1. Could you look through segment 127-146, keep only residues that are not in a loop (DSSP other than H, G, I, E, B) and not charged (D, E, K, R), and pick out the one that is nearest to the chain's Cα centre (by Cα)?
2. Can you report the number of residues in segment 155-207 which are part of a loop (DSSP other than H, G, I, E, B) and modelled with pLDDT of 95 or more?
3. Looking at A233, A251, which is the one that is over 19 Å from M19 (Cα atoms), hydrophobic (A, V, I, L, M, F, W, C), in a loop (DSSP other than H, G, I, E, B) and over 29 Å from the mean Cα position of the chain (by Cα)?
4. Has segment 119-126 got at least one residue that is assigned to a loop (DSSP other than H, G, I, E, B) and in contact with a Leu (Cβ under 7 Å, 6 or more places away or on another chain)?
5. Picking from A65, A180, which residue would you name as being out of contact with any Pro (no Cβ under 7 Å at 6 or more places or on another chain), in the same structural domain as A217 (by TED's automatic domain parsing) and small (G, A, S)?
6. Run A285 past the list (1) buried (at least 21 other Cβ atoms within 10 Å of the Cβ); (2) assigned to a loop (DSSP other than H, G, I, E, B) and report the number of the one that doesn't hold.
7. Yes or no: segment 87-95 includes at least one residue that is in contact with a helix residue (DSSP H, G or I) (Cβ under 9 Å, 6 or more places away or on another chain), touching a residue at least 40 places away in the same chain (Cβ under 8 Å), farther than 27 Å from L166 by Cα and outside the structural domain of T153 (by TED's automatic domain parsing).
8. Which residues, taken from segment 200-251, are of a type in the set (S, T, N, Q) and crowded, with 19+ Cβ neighbours inside 10 Å?
Amino acid sequence: MSVKLEIAQEILLNLVTVMPKERVALQECWRRILAETVTSDIDFPPFDRSPLDGYALIAAEVAAATPENPVILKQIDYIPAGETSDKPVSSGTACRIMTGAPLPPAATGVIRLEDTVVNGGDVTILEGRGAERNICLRGEEIFSGEEVVSQGTVINAGVMGMLAVLGKSRPYVFCKPRVALIATGSELVPVDFPLVSGKIRNSNSYMLSAQVAEAGAQTVLLGNASDNIDEIAHLLETASDCDVFVTTGGASVGDYDLISEVYKKLGITLLFDRVSIKPGMPVLAGNRDGKLYLGLSGNPAAAAISFEQLVRPVLMKMGGRKVWWRPRIKAVLATPFNKPTGAKRFVWARCWQTSTDIFVEPSRAQGNGMLKSAMAANALIVIPENSPPLPVGTEIEVILLADA
């Protein structure tokens, strides 16, 4: 059964659910997906504090201070970071204070160290304007009860820092989907094998494993399988603890295209066997016991496109992401695309921005089996179905490959 891309995506997304959650040590959470909404139980900063080294004092008392008309105060205490003072400042006094230290009682401003001169126990204020602005107020960044980080957030460095501030040493994150990968074809040899006549190295498993990782999932590499139904079926069965099963090769119609027969042997319900896109039209999708099986083309560029459009959104949803799709923009063709298009076509491309516009240029080599086009691409041009050749200057939709 052949389906349009949008229908295929809908079928697959409707079959999968979000993974369960697990607690993970904070230091291991980078790029994981938060599985809880985090609400602060503290104000942050937890006290009024100084953002700089200087002197805490009553701001109004020194507001008019200048080098020509300085104000002299008596230093009554020294407050390093991590310490507090119980000595309130009053008229004519100041406390030496370090960055991050709590303000002493009654202080309403801080003068930076560079605007002072110390003489024994006295401090001379040479510039007093703006002292009241040199305070980080309690709760000015976060207040107690505030929702700080929402479920589905990708944990980047900033989020990790915030979780640490809030004491979340083992936050809940979504479990990573486990993706079994098998490259089929008797012509394939492992990557570290010498080549002999008629053989090629298995590149698909490594290319797709990178795409799996970029989508936030975990790869289980099952290696190569020859063009043998029983061998392929056996390998799939060895990975019963995986959540998604992806094969490359054997997806189109031919004497050695065996994935549909493997599905029959294993009792996998076929959902569709073709998707109207180029490259990557031959795609098998199946379902067994709530788990997805996807058979992609053995041609590398076609397999990569099929993964981007069909497998990646599934993994993004399963992984708990808020957004499943890459960003799309409009760009102007910098070079022509001379092929007429029947089915919707995805073209590897380079996209860049100038002071006047956003431009995109198709990669030169676009064959199904060509890896070079994907290697340098940072975008995919989306060419609608039944499009004529497109001249320079055509405005076209572009998918940004954000991690390229």
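The values are calculated or read from the model by the stated rules, or taken from the named source; none is laboratory data. Bear in mind the structure is a predicted one, so any value in this text is a computation, not a measurement. When we count neighbours, we look across all protein chains shown, and the Cβ atoms used for this are built from the backbone with ideal geometry, even at glycine.
1. Among residues in segment 127-146 that are not in a loop (DSSP other than H, G, I, E, B) and not charged (D, E, K, R), the one nearest to the chain's Cα centre (by Cα) is I142.
2. Of the residues in segment 155-207, 11 are part of a loop (DSSP other than H, G, I, E, B) and modelled with pLDDT of 95 or more.
3. Going through A233, A251 in turn, just one is over 19 Å from M19 (Cα atoms), hydrophobic (A, V, I, L, M, F, W, C), in a loop (DSSP other than H, G, I, E, B) and over 29 Å from the mean Cα position of the chain (by Cα): A251.
4. The answer is no; no qualifying residue exists.
5. A180
6. (2)
7. no
8. Selection gives N202, N204, S205, Q211, T219, N224, T247, T248.
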